[in-house]
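Bear in mind these aren't lab numbers, they're just calculated from the coordinates by the rules spelled out. None of these values were measured; they are calculated from a predicted model. Please note: Cβ atoms are built from the backbone with ideal geometry, for glycine as well, and neighbour counts cover all protein chains shown.
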Amino acid sequence: MPVPNSLRVDVIQPEGSSLPPRVSYSQLSKFNQCGLRYYFNYLASWSEPQTSALVGGNIAHDVIERLYRLPNEERTLETALALLREHGPRLLKSPEYAKFANDNAMKANVKEAVENLFKLESPTELIVDPEHLEMELEVDINGVKFFGKVDRFTVDGVNRVTDYKTGKNPGRYVDDKLKQPYLYALAFKIQHNIDVDEVELIFLNARHIEKRPVDFSIAEAMGESLVKMRAESELSVDASAWDAKPGKLCSYCVFEAVCPAITSGAAKPGSIESDTALIQLGLTRRDY
């Protein structure tokens, strides 16, 4: 059954297509935003192009991870900026990032994010086990295989999951942003039998920290949301039909031009006509 405020769109699915064996938070978020976009990404395997914001965020994350792998006394602002000067250009030479090599606004935002880290916390004082940086989680949550990567886990009298963000302050949407670390808190409990006491979002460019004590009922609700998403996506695969959710975010979606729910006359997703249009837009398919 279509969900409220959505349009059911018939698609042509690749022969033998199936859902990814594991579900990440980004998959969950994308499916809840629009099932048809999820289809294009994960069933039809179309890659969305990198954006300046994503590339900048990845570079900032890389530099901060490298900083916190150093001994406490070496985690200075000067060292962080040196790491940025060393690894920023290296990352921008990779094929997927190369087109952003001259994006000076993005580079300025990354530098600002690294500098703001020192205005928001004290890296020389924070106790961080290197093994607790970019921690991979892979666990069965209510029958669904979940995986994720935690930016940072710290134990200083409080078990805390921390996630860095380089976007703007989410304001009234902060509760939506907190869903990710809450899901990680549930995964920690199941996989490691560790009770996470606090979740933390560090909005580097916005110079804002959002901390919340873990309400485990919210964490469990995120687990239930994961199960619901998987069940609904399995039904969509069986029906070869996915729910599109037209709204204000459609103008930011790379699939808008081929979406029958938005664009009059758009070909059926998965058809030769639709695929040709996506290629003409410059999109490529992932190879597995």
For this session: Mind checking which aspartates and glutamates have their Cα closer than 18 Å to the Cα of LYS99? Skip sequence neighbours fewer than 8 apart in that chain.
Result: GLU48
Exercise. Among LYS145/LYS228; LYS107/LYS248; LYS177/LYS228; LYS179/LYS211; LYS145/LYS179, which pairs are too far apart, with a Cα-Cα distance over 22 Å?
Worked result: LYS107/LYS248
For this session: Please give the FRET efficiency for ARG66 paired with ASP10, using the beta carbon to beta carbon distance and R0 = 41 Å, rounded to the nearest 0.05.
Result: 0.30
Exercise. Using a Förster distance of 22 Å, how high is the FRET efficiency between ASP129 and LEU81, based on the Cβ-Cβ distance and rounded to 0.05?
Worked result: 0.35
For this session: Please report, to one decimal in angstroms, the Kirkwood hydrodynamic radius of the stretch 52-159 built from all distinct Cα-Cα pairs.
Result: 15.3 Å
Exercise. So for the stretch 217-278, what percent of the C-alpha to C-alpha distances run longer than 18 Å?
Worked result: 53 percent
Seminar exercise, completed: GLY171 neighbourhood, Cβ < 15 Å, K/R = +1, D/E = -1, net charge +2
Seminar exercise, completed: Rounded to the nearest whole number, the per residue volume of the convex hull around the C-alpha atoms of the stretch 161-288 in Å³ is 171 Å³
Problem set entry | For the chain: relative contact order, % (alpha-carbon pairs under 8 angstrom, 6 or more apart) | 26 percent
Problem set entry | Mean Cβ count within 10 Å, highest first, over the residues of peptides 206-214, 171-179 | 206-214, 171-179
Exercise. Tell me, Kirkwood radius of the chain from alpha-carbon pair distances, in Å?
Worked result: 20.7 Å
Seminar exercise, completed: Residue separation between ARG22 and GLN50 times 0.36 nm, minus their alpha-carbon distance, gives in nm 7.8 nm
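Arranged from highest to lowest average of other beta-carbon atoms within 10 Å per residue, in what order do the peptides 160-170, 33-43, 100-110 appear?
So the order, starting with the most tightly packed, is 33-43, 160-170, 100-110.
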Problem set entry | For the chain, share of DSSP beta bridges that run antiparallel, in % to the nearest 5 | 75 percent
For this session: For the stretch 130-214, count the residues as N, evaluate 2.2 N^0.38 Å, and divide the Cα radius of gyration by that value, please.
Result: 1.07
Exercise. Could you give the alpha-carbon Rg of the stretch 1-66 over 2.2 N^0.38 Å, rounded to two decimals?
Worked result: 1.42
